[in-house]
Amino acid sequence: MTRPPPTAEALVTALPQPAALLDLAGRVVLANATMRSALGGAVLIRPGEVAARLFPAAEGAIRAALAGQSPAPVEVAAVGLLRLVPLGAGSGALLLLEGMAPGLGARLEILGRLAGGIAHDFNNLLSVILGAAGSLRHVAPVAAAATELEAIEAAAERGSALVRQLLAFARQQVMAPRVLDLNDSIRALAVMLPRLLGARIELVLDLEEPSRRIRVDPSQWDQVLLNLMVNARDAMKGEGRLRIATGRRLVLDSLALPAGRYAMVEVTDNGPGIAPELLPHIFEPFFTTKLAQGGTGLGLATVQGIIGQLGGQLEVESQPGQGTTFRILLPRHEGPADAPPPPPRPIPVAVPVGPVLLVDDEPSLLRVAALCLQQAGFEVVQALDGEEALEQLEAGLKPCLIATDVAMPGMDGLTLARTARRLLPDVPVLLLSGYSAAVVDSDLAQEGFRFLAKPYTPDTLKLAVAGAFLPLATRRDMEH
């Protein structure tokens with residue numbers, strides 16, 4: 001990265017208004033604290049990011065400023081008014097944020113909080129709901145109650161999906177990428193589409209051969225495609241033609257994407273199109289035209305967040321009365337596709353000698369999780385924080401397993417686990433958290449710790465506890 005002069009960097013840091021410094025290639029060299037705070041969850045602006053990829057609507061203005069011109073300010077949806085100021089020959093450009101849409105800053109701040117600590121607390125509550133419903137099903141499998149329990153569990157799963165959407169929009173989701181054959185991934189998804197789309201929508205696959213490979217998280221890739229297809233179905237009011245096409249694009253000169261070969265996917269409907277006044281806002285978080293139908297306004301924002309996290313770009317073309325095309329560009333992977341993972345082997349639930357030490361600072365979740373494990377045949381000792389758990393260990397408690405929440409006041413779960421290992425070097429440890437594993441500051445596999453994300457169901461908790469007793473090599477074989 002060719003850096004502008006140090007004086008320019010000092011200027012950006014000192015400016016009271018939101019500002020970022022761009023090098024000659026249009027990449028972010030530095031963004032001041034005011035800029036990072038102002039953008040919140042709308043854009044994660046980091047050194048090395050291509051500015052035009054972050055702000056596609058301002059690509060022309062960025063290019064002009066880097067060429068030494070002074071372009072007019074550009075209004076960018078979900079961000080505000082961007083002004084580009086050339087810094088002279090060989091010195092890059094200055095990007096200034098001059099105004100945000102009314103109320104947007106507060107909305108983005110709320111989103112950022114939900115994507116962090118509040119998402120953690122919400123996942124705790126969902127774990128209580130799922131655990132209590134599962135325990136009731138175990139205790140009283142009455143047919144009359146089964147329908148209501150299914151409704152409770154379905155509502156909790158919807159809540160969990162909403163949290164995942166928030167994290168995806170904020171690009172805080174942890175991905176488990178694999179190399180997929182692009183056409184095969186679409187054909188596999190197309191099998192379930194007729195039921196989703198309905199009988200009055202004609203599905204057309206136009207897949208270019210030879211197929212390309214992409215490196216994506218399979219579940220998130222399906223989420224991207226399903227979001228776009230459900231949008232198309234709703235736009236056509238359940239009747240029309242939906243075309244899914246694949247192709248390729250060679251990018252040579254773009255500030256929005258690095259030069260290279262890209263795989264392309266187009267999702268096209270023949271619905272009424274998007275009104276010109278709405279088009280600039282469709283990727284804004286919480287913007288929806290389906291509020292009365294329960295729309296959250298997070299679908300397209302989620303898609304954009306996932307595609308951006310994968311190093312790609314999402315484009316849209318629409319004219320009133322002529323339908324809409326969403327176009328995804330993703331970096332091509334030149335190697336072969338990964339082999340599909342083997343089917344999971346069943347984990348026998350064996351009851352080992354000694355109790356499970358269960359630690360969580362949320363009393364309701366602690367009680368429900370303990371009940372789930374007791375119903376599976378485990379003896380359980382409970383502790384409401386790390387200090388109480390450590391006191392029991394120092395008093396002579398020898399658990400067969402420590403299952404502990406990570407984020408707790410006082411002694412957190414990681415500290416407890418490491419301290420416990422000094423007292424009992426061979427004790428298995430299962431970490432529980434509403435945050436993703438990547439947010440937990442630890443190489444979990446290296447330390448021999450297992451991880452279970454919240455919200456969990458009684459079955460996933462039981463299997464995670466049972467799996468924690470297996471030797472590490474066996475666990476790795478099962479996971480891979």
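Yes or no: the range 222-235 includes at least one residue that is outside any helix (DSSP H, G or I), within 26 Å of residue 275 (Cβ to Cβ) and either among the aliphatic types (A, V, I, L, M) or over 25 Å from the mean Cα position of the chain (by Cα) (or both).
No, the conditions are met nowhere in the range 222-235.
Counting only residues that are aliphatic (A, V, I, L, M) and crowded, with 20+ Cβ neighbours inside 10 Å, which one in the range 350-365 is nearest to residue 466 (Cα to Cα)?
The selected residue is 356.
Of all residues in the range 288-324, which are at pLDDT 80 or above and surrounded by fewer than 18 Cβ atoms within 10 Å (Cβ to Cβ)?
Correct list: 311, 315, 316, 317, 319, 320, 321, 322.
Would a scan of the range 400-422 turn up a residue that is buried (at least 18 other Cβ atoms within 10 Å of the Cβ), more than 31 Å from the chain's Cα centre (by Cα), modelled with pLDDT of 90 or more and outside any helix (DSSP H, G or I)?
Within the range 400-422 (the criterion being buried (at least 18 other Cβ atoms within 10 Å of the Cβ), more than 31 Å from the chain's Cα centre (by Cα), modelled with pLDDT of 90 or more and outside any helix (DSSP H, G or I)), the answer is yes, since at least one residue qualifies.
Restricting to helices (runs of 4 or more DSSP H) lying wholly in the range 126-220: which have 1 or more residues that are crowded, with 19+ Cβ neighbours inside 10 Å and modelled with pLDDT under 70?
Values: elements: 143-169, 182-190, 193-197.
Where helices (runs of 4 or more DSSP H) fall fully within the range 126-220 and carry at least 1 residues being crowded, with 19+ Cβ neighbours inside 10 Å and modelled with pLDDT under 70, they are 143-169.
Within the range 262-277, which residues are among the small types (Gly, Ala, Ser) and either in contact with an Asp or Glu (Cβ under 6 Å, 6 or more places away or on another chain) or outside any loop (DSSP other than H, G, I, E, B) (or both)?
Initial filter on the range 262-277 (among the small types (Gly, Ala, Ser)): 263, 271, 273, 275.
263 - this is the single residue of the range 262-277 that is among the small types (Gly, Ala, Ser) and either in contact with an Asp or Glu (Cβ under 6 Å, 6 or more places away or on another chain) or outside any loop (DSSP other than H, G, I, E, B) (or both).
Go over the candidates 349, 368, 356 one by one and state the one that is at pLDDT 90 or above and of a type in the set (A, V, I, L, M).
None of the others qualify; the one that does is 356.
Are any residues in the range 41-80 part of a strand (DSSP E or B), over 13 Å from residue 25 (Cα atoms) and at pLDDT 85 or above, and if so, which ones?
Here is the first cut: in the range 41-80, the ones part of a strand (DSSP E or B) are 50, 74-76, 80.
Then drop every residue that is not over 13 Å from residue 25 (Cα atoms), which leaves 74-76, 80.
If the condition is that a residue be part of a strand (DSSP E or B), over 13 Å from residue 25 (Cα atoms) and at pLDDT 85 or above, then 74 is the only one that fits.
Which members of the range 300-327 meet the condition of being over 18 Å from residue 258 (Cβ atoms) and more than 12 Å from the chain's Cα centre (by Cα)?
300, 316, 317, 318, 319, 320, 321, 322, 323, 324, 325, 326
Sort out which residues of the range 188-221 are of a type outside the set (A, V, I, L, M, F, W, C), closer than 18 Å to residue 336 by Cβ and within 26 Å of the chain's Cα centre (by Cα), and write them in order of number.
Residues satisfying the conditions are 212, 213, 215, 218.
Where residues in the range 220-265 are free of Cβ contacts under 8 Å to residues at least 24 places away in the same chain and of a type outside the set (Asp, Glu), which of them is farthest from residue 24 (Cα to Cα)?
Restricting to residues being free of Cβ contacts under 8 Å to residues at least 24 places away in the same chain and of a type outside the set (Asp, Glu), the top hit is 250.
The values are calculated or read from the model by the stated rules, or taken from the named source; none is laboratory data. Computed from a predicted model, the values in this text were never measured in an experiment. For neighbour counting, all protein chains shown are included, and Cβ atoms are generated from backbone atoms with ideal geometry for every residue, glycine included.
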